[in-house]
Each structure stands twice: as structure tokens, then as C-alpha cells.
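Q: Here it is: the structure, laid out below.
The values are calculated or read from the model by the stated rules, or taken from the named source; none is laboratory data. It should be emphasised that the depicted structure is a prediction, and the values quoted were computed from it without experimental measurement. Positions of Cβ are generated from backbone atoms using ideal geometry, with glycine treated the same way; all protein chains shown enter the neighbour counts. Remember, those area values only see protein heavy atoms, side chains included, never the ligands or the DNA or RNA. Shrake-Rupley method; radii C 1.70, N 1.55, O 1.52, S 1.80 Å.
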Amino acid sequence: MNNLLECITEGIRRVGIVGHVRPDGDCAGSVLAAYHYLRDNVPSLEIVPFLQELPYGIRFLTEGCPVREDDGEGEAFDLMISLDAASKERIGAGRAAFFACDNTVCIDHHATCLTGFGRVNRVEPQASSACEVLYRLLSRDRIGYRTAVCLYTGIIHDTGALRFDNVSPETVMIVSDLIARKIPFTQIIEKSFTEKSLVEMKITGEIVKNSRLFEKEHFLYGKCSLEMQERYGVSVVELGGVVAEMNEVREARVVFFAYQFTDRSWKASLRSKSDTDVAKIALNYGGGGHVRAAGFSFDGDPDLVAEEIRGLLPETEEVPWTAY
Ligand SMILES: [Mn+2]
């Protein structure tokens, strides 16, 4: 597949678009960019974008879109498109509808997605984001304003505002094309990416305050229990920025953040600023992701998991950084 519109063959009337569980900026951005692009270019289609509840900062993306949070159980679609989901199991809202459809497209950028799980697949592990992969499947002159806003938001979120090493010259060329369309590119970064509520800042502060640094491994570990979430009145959706903050700690080269979501179950986020491939660590626990950002779920004691991960990390000397 070289163009998304190739999938809209004769007889296709009803299209569902899905992303992964706990959608982030790239997931929501790519799902909604595909929605707007198809809506603008094939007005006869009925298109249903499926997304679970979004973090506050990116809710603006769904304005005017008929987004559904359910499973699509028992519904028939002529085509189902998955974006940014590394595996079938990771699909969030619209999952039942995707599983029930045999005409499926998988568009992704996770190395752990391998060749994809759709009937038609486009997986580019080198791409910064699902939005970057999707952009290459669109015709430039058919991209509307809303599609551009969604694509830009997704690229910004998955690249940490163009700071991560998944940024390529091609990523920047795409961003250049998108900002030339007069989208509010600075506000998108501020409102959807940088800004946090005071309570998010406060809980992040307490997590960092209670975090533990394993100095030899340059490994920083933090956690957030259900009790703590209740005390601050935050949901897990509002903890999405914590791991990024922890990753800014100079002494940390690998970061592990665990937050509890039921009595027994925890969700873990890993980040790496060193040669350590955290996707490999996440795979050990049935998760996945990228070399520098990955995640998994587990049952049990996060302190023990932190010790296990620490055991996988090399002890390294502090080497002063230089660009030369
Ligand atoms: Mn992504």
C-alpha cells in the first residue's frame, strides 16, 4: 500500500479506525488524521473513529468528531484501520469490531509490531510516529487543515517536541510542510504537551521525591500507588507525563515508573537515555515499545520488578557529556 485511498475499494461504505489502549498524542492524532482525511476526500463514507478516554491535553483533537469509546461489539465494518497499535492485543476501543472484520489495515511504527497484523500492512520502525507513517500514505495536496493539526500533534508527542532521536531529516520536512499550513504550532506544543495541571505537578513532585536512584546502574525508579492517586484525586490518565519528568533527571540513564491501576495490577513505563534497549526489557514482561520508550503491565510488587530490571542493567562509570 502506497496511498491510504487505495484501501477504499469498490463497495466500501463503512470504515472503523482504531488505536491502542490508553491513547496518547500519536495514537489519537493518527486515528483522527485518518478520520479527517478520509472524510474530506471520500465524503460518501461512514467513518467511525474509536478511541478510549484521552488525556486532558489532547481532548481538543476530538472536537466535532463522532468518537466512540466502546468496543464496536456485534457491528459490521467493510474496512477496519489500526494505527499506532503494536499488536492486535493492544487495540483499545473498537477492538471487537476490528477482530470481527477480515478487511483490515495495520499502520504502525513499533519495531515490535514486526510485519503488522492486518490484511494490508505498513510498518516503518524507523519512523518517528504513526503520524509520520500515515503522512507518507496521504497525498500532500489532499491534506486539510484538521488533518494537518492531528498529524502535527502526533509527531510532536512521539518525538518529545522534536527532541528524541527518532527524529530524522524526513520528520522535520513533514513538520515543515504541516506548519506551513498555518496551524497553531506553538500553542499545540504548549496546550497539549508541555502544560500540566497543578495537581499533576504536585503528584509528580511527590513521586520524584520518593523515587530511588541506583547510582551504579544510573537507574531511577518511581511508583504511584492507588492510595496516592486517591489522595491527590487524579486518575491514571493524568500520570502520563510523570515518566518524561523523571527522564529529565541528570543522574538517570534508565527510568522505570510504575503506577497501580487495580489492587494487584500495575502499569510500567520505561525510558532510556543510554544504549539500553528498554523495548527488550518490556518484551520480557509481555509488553513492547521502542528502544528508548517502552511499557508493560504486571501483577505484584513493583519494588521486586525494579530489582529485576536493575539486575539487567550494566554498572557504568559517569562520563561527562560532550557534543565534540
Ligand atoms: Mn506512536
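Q: Using 11 Å as the cut-off for backbone N distance, which residues of the range 222-245 belong to the label zone defined by a point 7 Å from the Cα of Val199 along Cα→Cβ?
A: 229-236, 238
Q: Sticking with this structure for a sec: Just order 312-324, 211-223 by mean Cβ neighbour count inside 10 Å, highest at the front, would you?
A: Working: 312-324: 8.3, 211-223: 19.1.
Descending packing order for the listed peptides: 211-223, 312-324.
Q: In addition: What angle, in degrees between 0 and 90 and rounded to the nearest 10, separates the Cα long axis of helix 198-209 from the longest principal axis of the Cα atoms of the chain?
A: The helix 198-209 is inclined about 40 degrees to the chain.
Q: Something else about it: Provide, for the chain, the number of lysine pairs with alpha carbons under 23 Å apart, each pair being eight or more places apart or on different chains.
A: 18
Q: If the only charges are +1 at each Lys and Arg Cβ and -1 at each Asp and Glu Cβ, what is the size of the charge dipole of the range 104-218 around the Cα centre, to the nearest 20 debye? Don't skip to the answer; put the middle values down first.
A: Numbers: 15 positive and 14 negative charges, 69 e Å.
The calculation lands at about 340 debye.
Q: For the chain, what is the accessible area per residue in Å² when the probe is 1.4 Å?
A: Values: 15670 Å² over 324 residues.
In whole numbers, the chain has 48 Å² accessible per residue.
Q: Going by alpha carbons, how many degrees (0 to 90, nearest 10) lie between the helix axis of 169-179 and the longest principal axis of the chain?
A: 60 degrees
Q: If the only charges are +1 at each Lys and Arg Cβ and -1 at each Asp and Glu Cβ, what is the size of the charge dipole of the chain around the Cα centre, to the nearest 20 debye? Display every interim value, and only then the final one.
A: Working: 35 positive and 48 negative charges, 129 e Å.
Dipole size: approximately 620 debye.
Q: Ok, one more. Can you tell me the orientation of helix 25-41 relative to the chain, as the angle in degrees between its alpha-carbon axis and the longest Cα principal axis, to the nearest 10?
A: 10 degrees
Q: Taking amide H positions as placed in the peptide plane 1.01 Å from N, state which residues far from Ile17 in sequence (5 or more) or on other chains have amide H under 5 Å from it.
A: Sorted by chain and number, the residues that satisfy this are Val48, Phe50, Ile81.
Q: Once you have the alpha carbon radius of gyration of the chain, what is it after dividing by 2.2 N^0.38 Å, with N set to its residue count?
A: Numbers: Rg = 19.7 Å, N = 324, 2.2 N^0.38 = 19.8 Å.
It is 1.00.
Q: How much mean residue ellipticity at 222 nm does the chain get from its helices, if each DSSP H run of length 4 or more adds -39500 (n - 2.57) and you divide by all residues, to the nearest 500 deg cm²/dmol?
A: Working: 11 runs with 102 residues, N = 324.
That comes out to -9000 deg cm²/dmol.
Q: As an exercise, use a Förster radius of 22 Å and the Cβ-Cβ distance of Asn284 and Phe261 to find the FRET efficiency, rounded to the nearest 0.05.
A: Values: r = 20 Å, r/R0 = 0.92.
It comes out at approximately 0.65.
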